[in-house]
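Below is one structure, written out as structure tokens; the observations come after it.
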Amino acid sequence: MENSSEDYRIQSFDVDTQKLIKTALKDPSSVDLEKVSNIIVDQSLKDPLFSKEAGRICYTIVQAEAKQNNGTVFRRHLLNRLQQEFKEREEMRKRSLQEWVGYVTFICNVFDYLKVNNMSMVALVLPVYECLMRLAEPDALLNEEEVDCLVLQLHRIGEQLEKVNSQRMDELFFLLRDGFLLQEGLTSMARLLLLEILEFRAGGWMLSSTAHKYYYSEIAD
């Protein structure tokens, strides 16, 4: 799996950090993997574009480490750090919406990429659901950035998540449906995004071409 560093969006780091990450991607046992996991999480909280790509970096390091010595050091450090941030998610959301949205994007990205024996990682199911449920609460639905984040994640991992725990997905969609129908003060864009995701799941995690044309021409306008 050859990738240029550009492919991984690591050019925003200083030269030493770029070198560290490039080494971790090829020869993980030769670097401090706790430091690498912290750098990746910190950058994901700061840079929304990086948080969308970071799962792929983590996946490559995990694969390289497994091949090299059957190790799981990087994965352990990564999960510990994600758990630590998860415990403080409310404080994070109050402190910085950008960090919070970056965190949710990143943890969903990691859930999407990291598998154990081709199965979703059980350790991530609860925190991912809790984050998405938080984005579906009334105060978050009033914030377009959070609605946008929620809908993007559901497009990406909704079907996978539902296979692991369909009851929680039902609960999440009850919140979204109630929000769409009953909540006052939603922006027209938030309303459109919510309607689109409700239809997306109702269609078996697919949109008909007519619906796709309708929503995406609306969003483009």
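When you check N80 against the structure, is it of a type outside the set (D, E, K, R) and on the phi < 0 side of the Ramachandran plot, yes or no?
yes
When you go through (1) closer than 17 Å to C108 by Cα; (2) over 20 Å from the mean Cα position of the chain (by Cα) one by one for R168, which number turns out not to apply?
It fails just one condition, (2).
Could you tell me how many of the residues in region 135-164 are open to solvent by less than 50 Å² (accessible area, probe 1.4 Å) and either within 15 Å of L194 (Cα to Cα) or in a loop (DSSP other than H, G, I, E, B) (or both)?
13
In region 192-215, how many are of a type outside the set (G, A, S) and more than 22 Å from the chain's Cα centre (by Cα)?
Total satisfying the criteria: 5.
Of the residues in region 194-216, how many are open to solvent by less than 30 Å² (accessible area, probe 1.4 Å), at pLDDT 95 or above and either touching a strand residue (DSSP E or B) at 6+ places or on another chain (Cβ under 8 Å) or aliphatic (A, V, I, L, M) (or both)?
Matching residues across region 194-216 total 2.
The values are calculated or read from the model by the stated rules, or taken from the named source; none is laboratory data. Quick caveat, the model's predicted, so the values are computed rather than measured. Note: ideal-geometry Cβ built from the backbone for every residue, glycine included; neighbour counts use all protein chains shown. Remember, those area values only see protein heavy atoms, side chains included, never the ligands or the DNA or RNA. Shrake-Rupley method; radii C 1.70, N 1.55, O 1.52, S 1.80 Å.
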